[in-house]
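Chemist: First the structure, then my questions, so here it is.
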Amino acid sequence: QKRLVSVAVSITTLDSEVARHMEPRATSPARRLQTISTLAAAGVPVTVLVAPVIPVLTEHELESILRAARDAGACEAGYVLLRLPLEIKEMFTAWLHEHQPDRAKHVLARMADMHAGTLYNAQFGARMRGRGPYADLLEQRYVLARRRLGFPGVEALDTTQFVLPNEGPQLTLF
């Protein structure tokens, strides 16, 4: 009501079986959609992040996740391509071979296609979206779906009530 807060909820997949294996301790896709609905009904602006988008494994759900989140009340959307820095790359690759052995080679090849032959590019602007024809196609799909679904956007938050630390009644630690 006072435009002081908004919330972003990530949804990787709507497939509860994939979610259970990929994010075993995380909230189910249905509960995430319920969270969006509850917050939106309470007047809290909600952004859905289709994240991470995993080529071959979850990317086909991009439009359906956006649609489900919009139907639940999300007013803004975004997406983030799977990021595989440092040891995450090895953990994900092992998980992929264990849980999706028939798709593992294809997933990794598509990731490499979007990162100039490697599984990860830390360069700002490339790490969240990738580059190349497949990354461009994913971006176009997102833009078209977002437009078609009519996400109204999140109103700018009121930052006039923000007080810098040490300028208000709060004590300092040092």
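The values are calculated or read from the model by the stated rules, or taken from the named source; none is laboratory data. Keep in mind the model is a prediction, meaning the values are calculated, not measured. Every residue, glycine as well, gets a Cβ built from its backbone with ideal geometry; the counts of neighbours run over all protein chains shown. Keep in mind that these areas ignore ligands, DNA and RNA; they rest on the heavy atoms of the full protein, side chains included. Shrake-Rupley method; radii C 1.70, N 1.55, O 1.52, S 1.80 Å.
Chemist: Applying the selection to the range 69-88, what residues are surrounded by 17 or more Cβ atoms within 10 Å (Cβ to Cβ) and assigned to a helix (DSSP H, G or I)?
Modeler: Across the range 69-88, the qualifying residues are 69, 70, 72.
Chemist: Write out, first by first residue and then by second, each pair whose Cβ atoms fall under 8 Å of each other, whose residues are 6+ apart or on separate chains, and whose first residue, in the range 139-166, is in a loop (DSSP other than H, G, I, E, B) while the second is basic (Lys, Arg).
Modeler: Once the first residue is in a loop (DSSP other than H, G, I, E, B) and sits in the range 139-166, its partners that are basic (Lys, Arg) give 150/70; 151/70; 155/3; 156/3; 157/3; 158/2; 158/3; 161/2.
Chemist: Shifting gears a bit: So how many residues does the range 119-144 have that are open to solvent by 70 Å² or more (accessible area, probe 1.4 Å) and farther than 15 Å from residue 53 by Cα?
Modeler: So the count comes out to 4.
Chemist: Which of the numbered conditions does residue 96 fail, given that it passes all the others? Conditions: (1) open to solvent by less than 60 Å² (accessible area, probe 1.4 Å); (2) within 25 Å of residue 30 (Cβ to Cβ); (3) in a helix (DSSP H, G or I); (4) in contact (Cβ under 8 Å) with a residue 40 or more places away in the chain.
Modeler: (4)
Chemist: List every residue pair whose Cβ atoms lie under 6 Å apart, where the two residues are 6 or more positions apart in sequence or sit on different chains, the first residue falls within the range 60-84 and is touching a residue at least 24 places away in the same chain (Cβ under 8 Å), and the second residue, located anywhere, is open to solvent by 30 Å² or more (accessible area, probe 1.4 Å) and charged (D, E, K, R).
Modeler: Pairs that qualify, where the first residue is touching a residue at least 24 places away in the same chain (Cβ under 8 Å) and the partner is open to solvent by 30 Å² or more (accessible area, probe 1.4 Å) and charged (D, E, K, R), are 62/141; 77/146; 81/129; 83/127.
Chemist: State whether one or more residues within the range 150-166 are surrounded by 16 or more Cβ atoms within 10 Å (Cβ to Cβ), of a type outside the set (D, E, K, R) and closer than 20 Å to residue 53 by Cβ.
Modeler: Among the residues of the range 150-166, at least one is surrounded by 16 or more Cβ atoms within 10 Å (Cβ to Cβ), of a type outside the set (D, E, K, R) and closer than 20 Å to residue 53 by Cβ, which makes the answer yes.
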